[in-house]
Amino acid sequence: MSTAGPHGDAPAAARAPGLADQLRAAVRPREEGRPEEARELLVPLCAAHPEDAEPAYQTAWAHDVLGLEAEAVPHYRRALALPGLTSADRRGALLGLGSTYRVLGRAEEAVATLSGGVREFPDDAALRAFLSMALYSAGRPKEALELALILVAETSADPGVAAYGPAIRHYARDLDALS
């Protein structure tokens, strides 16, 4: 199962009347630990609003939470193809789709999706962490470890890691070098 960030609203001009309220009502059960109920509300809402990215994103997320990754993919793809996602939701959709591809054994698609996410949101540590896992799954363990070590060096609040951050970053960039 993959994870994603919180939901947001598409621009008001692009949203069908009443859809924001319907989305809030449909997402609430997932937030309250009733993901199947949310999915039952979101699937028809998504079908009724094929031009709106947020119902697609929320429907993907609902499937993902339930372990229905294969069913989540087309919804993630549609959400990402349409305009209107907030920046946070776009990040969540990229992370969710990339992670879902990895869970489904589609490692190269995971790497491509998450790499695109990292290019679009270079400061997002979660995207880089999931990209590291996808690289490992794609048979690229050296790249995965390099990315993970740099991420640790850049984000750790541990005083020891922070003190050795420059050395960790240096060696991570060439794991085979001994000096």
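Please treat every number below as a calculation from the coordinates, not as lab data. Being a predicted model, the structure only gives us computed values, none of them experimental. Counting neighbours? That spans all protein chains shown, and the Cβs are built from the backbone with ideal geometry, glycine included.
Table for the structure above
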item	result
For the range 39-51, Karplus couplings with θ = phi - 60° (6.51, -1.76, 1.60), whole Hz, Gly/Pro x	4, 4, 7, 6, 4, x, 5, 5, 5, 6, 10, x, 8
Cβ-Cβ FRET estimate between residue 112 and residue 156, R0 fixed at 30 Å, reported to 0.05	0.60
Sites residue 51 and residue 88, calculated FRET efficiency, Cβ-Cβ separation with R0 22 Å, nearest 0.05	0.60
Estimated vicinal HN-Hα couplings, Hz - the range 94-109 in sequence order (Karplus 6.51, -1.76, 1.60; Gly, Pro = x)	5, 5, x, 5, x, 5, 5, 4, 4, 4, 7, x, 9, 4, 5, 5
Likely footprinting exposure, 123, 89, fewest C-beta neighbours within 10 Å first	123, 89
Separation between Cα centres of the range 93-113 and the range 129-179, rounded to whole Å	21
Sites residue 16 and residue 120 - FRET efficiency at Förster radius 30 Å, r taken between beta-carbons, to 0.05	0.65
Computed magnitude of the charge dipole of the chain (debye, nearest 20; Cβ of K, R +1, Cβ of D, E -1)	200
Computed over the chain, Kirkwood Rh from alpha-carbon pairs, angstrom	17.2
GluC sites (Glu not before Pro) restricted to the range 41-93 and DSSP loop, no more than 14 other C-beta within 10 Å	51
HN-Hα J in Hz across the range 64-77 - Karplus 6.51, -1.76, 1.60, θ = phi - 60°, x for Gly and Pro	4, 4, 8, x, 9, 4, 4, 6, 6, 3, x, 6, 4, 4
